[in-house]
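Undergrad: Once you've had a glance at the structure underneath, I'll fire off some questions.
The values are calculated or read from the model by the stated rules, or taken from the named source; none is laboratory data. From a predicted model like this one, the values you see are computed outputs, not experimental measurements. Please note: Cβ atoms are built from the backbone with ideal geometry, for glycine as well, and neighbour counts cover all protein chains shown. Each accessible area value is taken on the protein alone, full model and side chains, heavy atoms only, with ligands, DNA and RNA left out. Shrake-Rupley method; radii C 1.70, N 1.55, O 1.52, S 1.80 Å.
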Amino acid sequence: MIDTRTRILSLAEKTSEQSSALFDRIFAAAHSEAVYSKPVISGNHTVITASEVTSGGGFGSGGGIGPELPLSMIKKQDDEAAPHSEHVNGGGGGGIGGGGGSTGRPVAVIIIGPEGVTVKPVLDVTKIALAGVTVGIVMLTTFRKIWKVSKG
Amino acid sequence: MIRLKDQFQVQTGVAPPVTVGDVTVTPQFQAVIIRLPIGGFVWNRPTALLVEQNGQTTRFPIRDITRILLLWLLGFSLVLSIVSFIKFSRRKAIRL
């Protein structure tokens, strides 16, 4: 019983340690270094990349101890099958789990040169194309259904 | 009791300034932070540049063209769906 409790307590400690590590990683995305890159110097120009960063995660844990059995009951069961046991062990268990992820996408490129400062936006053509195709398919399906219903 | 102020935060900050010649550029960012007891979420994006030159400060906004286009696409499809639904409903009502 003591073993089970110790195990569950150590599990809770482990959960706390892992969750703080996870939080540190998630909230690291809230810093300026995550959005703006270090300046890159090329000739007369200095280039900085600006990106959008999204990060998230979560975790969960659970544990439990089984019902405490009276010693007499254990002894009775043990007498029939197994050798004597002094411990009244209700049993128990627990587990932890979690997950997370982050994404980044360049938004603009900042160029500092002799001609001044220019901000060049970055267009994610793949994202736009995928969204366009998805919207197109959904719209076509909807119109087809409407047309069929209105005809029939 | 968990307060909403602790759980949901919108932070505006600045990155270390970059000086090239007589130009000093200070990038600005905005972070949306959601803190929950079982996890968290962060959305951080660049917002603007503060350019300081010859004692004058100019603000250059950073526009996310991809997001603007995606929102336009979503808005257009929503409007089109609503219009077609209204037209279909009217036609059905006339028939009845």
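Undergrad: How long are the semi-axes of the ellipsoid equivalent to the stretch B:2-43, from square roots of 5 times the Cα gyration tensor eigenvalues, in whole Å, largest first?
TA: Those come to 33, 9, 6 Å.
Undergrad: Turning to a different aspect of this structure: Counting only pairs 8 or more places apart or on different chains, how many lysine pairs in the protein assembly as shown have C-alpha atoms closer than 22 Å?
TA: Close lysine pairs under the 22 Å cut-off: 7.
Undergrad: Counting only the heavy atoms of the protein chains, how much of A:THR103 is accessible to a 1.4 Å probe, in Å² to the nearest 10?
TA: Rounded to the nearest 10, the figure is 90 Å².
Undergrad: Inside 10 Å of the C-beta atoms of A:31-41, what's the mean count of C-beta atoms belonging to other chains?
TA: Going residue by residue through A:31-41 and averaging, the value is 5.
Undergrad: In addition: Would you mind computing, in nm to one decimal, how far apart the modelled labels at A:THR103 and B:ARG67 are, each placed 7 Å from Cα along Cα→Cβ?
TA: A separation of 1.3 nm, rounded to one decimal place.
Undergrad: State the three equivalent ellipsoid semi-axes of the stretch B:12-73, derived from the C-alpha gyration tensor as the square roots of 5 times its eigenvalues, in descending order and whole Å.
TA: Equivalent-ellipsoid dimensions as semi-axes: 29, 18, 7 Å.
Undergrad: Under 12 Å from the Cβ of A:VAL122, count the other residues' Cβ atoms, weight Lys and Arg +1, Asp and Glu -1, and hand me the total.
TA: Result for the local shell: +2.
Undergrad: Let me ask something else. Pull out the extension gain between A:SER42 and A:LYS120, defined as 0.36 nm times the separation in residues minus the alpha carbon to alpha carbon distance; nm, one decimal.
TA: 26.4 nm
Undergrad: Return the sequence-ordered ³J(HN,Hα) values of the stretch A:105-114 in whole Hz as given by the Karplus equation 6.51 cos²θ - 1.76 cosθ + 1.60 applied to θ = phi - 60°, using x for Gly and Pro.
TA: With coefficients 6.51, -1.76 and 1.60, one gets 9, x, 9, 7, 10, 9, 10, 10, x, x Hz.
Undergrad: Other chains near A:134-141: what is the mean number of their Cβ atoms within 10 Å of each residue's Cβ?
TA: Whole-number average of other-chain Cβ neighbours for A:134-141 is 2.
Undergrad: Using Cα atoms only, what is the angle between the long axis of helix B:65-95 and the major principal axis of chain B, expressed in degrees (0 to 90) to the nearest 10?
TA: Long axis of B:65-95 versus the principal axis of chain B: about 10 degrees.
Undergrad: While we're here: In terms of modelled amide H atoms, which long-range or inter-chain residues lie less than 5 Å from the amide H of A:GLU52?
TA: Placed amide hydrogens put A:ARG105, A:VAL107 under 5 Å from A:GLU52.
Undergrad: Within the stretch B:28-95, which trypsin sites (Lys or Arg not before Pro) sit in a loop by DSSP and count at most 15 neighbouring Cβ atoms inside 10 Å?
TA: B:ARG63
Undergrad: Can you report the principal axis dimensions of the protein assembly as shown using only the alpha carbons, biggest first, rounded to whole angstrom?
TA: 91, 73, 35
Undergrad: If you add up the charges near B:ARG45, with Lys and Arg at +1 and Asp and Glu at -1, over every other residue whose beta carbon is less than 10 angstrom from its beta carbon, what do you get?
TA: Here the count lands on 0.
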